[in-house]
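Here's the structure, in structure tokens; my notes come after.
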Amino acid sequence: MNTQNLSAPSAYFLAEVSNDQETHTLSIVVDNEPGVLARVIGLFSGRGYNIDSLTVSETEHEKHLSRITIVTTGTPMIIEQIRHQLDRLVPVHKVTDLTVQAKISSQDKPLERELALVKVAGTGEKRLEALRLGEAFRATVIDATTEHFVFEITGRTNKVEQFISIMKPLGLIEVSRTGVAAVQRGPEGI
């Protein structure tokens, strides 16, 4: 952690600057109308920010509101800058940093889940091993033939990634992932 000393004598305080990369989950409530997602994504791409995961869905049909969940990585200063810039977009109603909210509530992370469909081909011992591992990870077989099967797995991103990496040597063919869906813990909503 660096401390920048603003030229003395100054009325400004010493600013703590961290160069450590952090991953944050942002929840953004927006109007459900054409072009809103493009504007939010444009903010990220125009400033060179990366999106690790993105999910969008209408959550309140009567009010025509959608919720965008974005997982992004950056320094604390960059994350705060992203949040403030998102707050200023016209169709945005509310921006909540679920990672910060979890820390305020003395939690490690917000409740996050991801869904993946994992297609695996194999016969014989590799097929049996893949099925055993699928059971251990609580993955459900949702389609099967004599040559392949498709698992549905839900959980934290690291669980999904671990399952995928274990399936690679057993005949992994294809993966489709939803991205992270997240909510803050506790009785309050965003």
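Each reported figure results from applying straightforward, stated rules to the coordinates on display, with no laboratory input. The model shown is predicted, which means the values in this text are computed figures rather than measured ones. Methodologically, a virtual Cβ is constructed for each residue, glycine included, from the backbone with ideal geometry; neighbour enumeration extends over all protein chains shown.
Arranged by the count of other C-beta atoms within 10 angstrom, fewest first, what order do I153, I70, I142, I190 take? Present the calculation step by step, with values, prior to reporting the outcome.
Numbers: I153 22, I70 25, I142 10, I190 14.
The fewest-first ordering by Cβ neighbours comes to I142, I190, I153, I70.
Keeping to pairs on different chains or 8 or more places apart, tell me how many lysine pairs in segment 42-190 have Cα atoms under 22 Å apart.
Total qualifying Lys-Lys pairs in segment 42-190 comes to 10.
Placing +1 at every Lys and Arg Cβ and -1 at every Asp and Glu Cβ, with all other atoms neutral, what dipole size does segment 50-120 have around its Cα centre, in debye to the nearest 20?
20 debye
Excluding N32 itself, what net charge comes from residues whose Cβ is under 10 Å from its Cβ, given Lys and Arg +1 and Asp and Glu -1? Mind showing how you got there, number by number?
Working: positive: K63, R67; negative: D31, E33, E58, E60.
The answer is -2.
Under the rule of at least 5 residues apart or a separate chain, name every residue whose amide H is placed under 5 Å from the amide H of A139.
Under 5 Å from the amide H of A139 lies no amide H from a residue far enough along the sequence or on another chain.
Under a point-charge model restricted to the Cβ atoms of Lys and Arg (+1) and Asp and Glu (-1), what is the dipole moment magnitude of segment 78-190 relative to its Cα centre, in debye to the nearest 20?
Values: 16 positive and 15 negative charges, 37 e Å.
Here the size comes out at about 180 debye.
Using a cut-off of 13 Å between beta-carbons, work out the net charge of the residues near H64 (Lys and Arg +1, Asp and Glu -1, H64 not included). Mind dumping the intermediate values first?
Numbers: positive: K63, R67; negative: D31, E33, E58, E60, E62.
With Lys, Arg at +1 and Asp, Glu at -1, the net is -3.
Hey, can you grab everything whose amide H is under 5 Å from the amide H of L111? Only 5+ residues off in sequence or another chain; H modelled, so Pro and N-termini drop out.
Under 5 Å from the amide H of L111: V183, R185.
Just rank K109, K159, fewest to most, by other beta-carbon atoms within 10 angstrom.
Working: K109 14, K159 17.
In increasing order of surrounding Cβ atoms, one gets K109, K159.
Explain nothing, just compute: Karplus ³J(HN,Hα) = 6.51 cos²θ - 1.76 cosθ + 1.60, θ = phi - 60°, for every residue of segment 47-56 in order, whole Hz, x for Gly and Pro.
These are the phi-based 3J(HN,Hα) values: 10, x, 8, 9, 10, 7, 8, 8, 9, 9 Hz.
Would you grab the residues whose amide H sits under 5 Å from the one on N32? Only those 5+ places off in sequence or on another chain, please, with H modelled 1.01 Å from N.
L65, S66
Suppose every K and R has +1 on its Cβ and every D and E has -1 on its Cβ; what is the size of the dipole of the chain about the Cα centre, in Debye to the nearest 20?
On the way: 20 positive and 24 negative charges, 30 e Å.
Around 140 debye, computed over the chain.
Over the Cα atoms of the chain, Rg to Rh with Kirkwood Rh, two decimal places? Spell out each step's value before the answer.
Details: Rg = 21.0 Å, Rh = 19.2 Å.
Using only Cα positions, Rg/Rh for the chain is 1.09.
Could you work out [θ]222 nm for the chain from helices alone, using -39500 (n - 2.57) per DSSP H run of at least four and dividing by all its residues? Round to the nearest 500 deg cm²/dmol. Let's see the in-between values first.
Details: 5 runs with 58 residues, N = 190.
After summing the helix terms and dividing by residue count, I get -9500 deg cm²/dmol.
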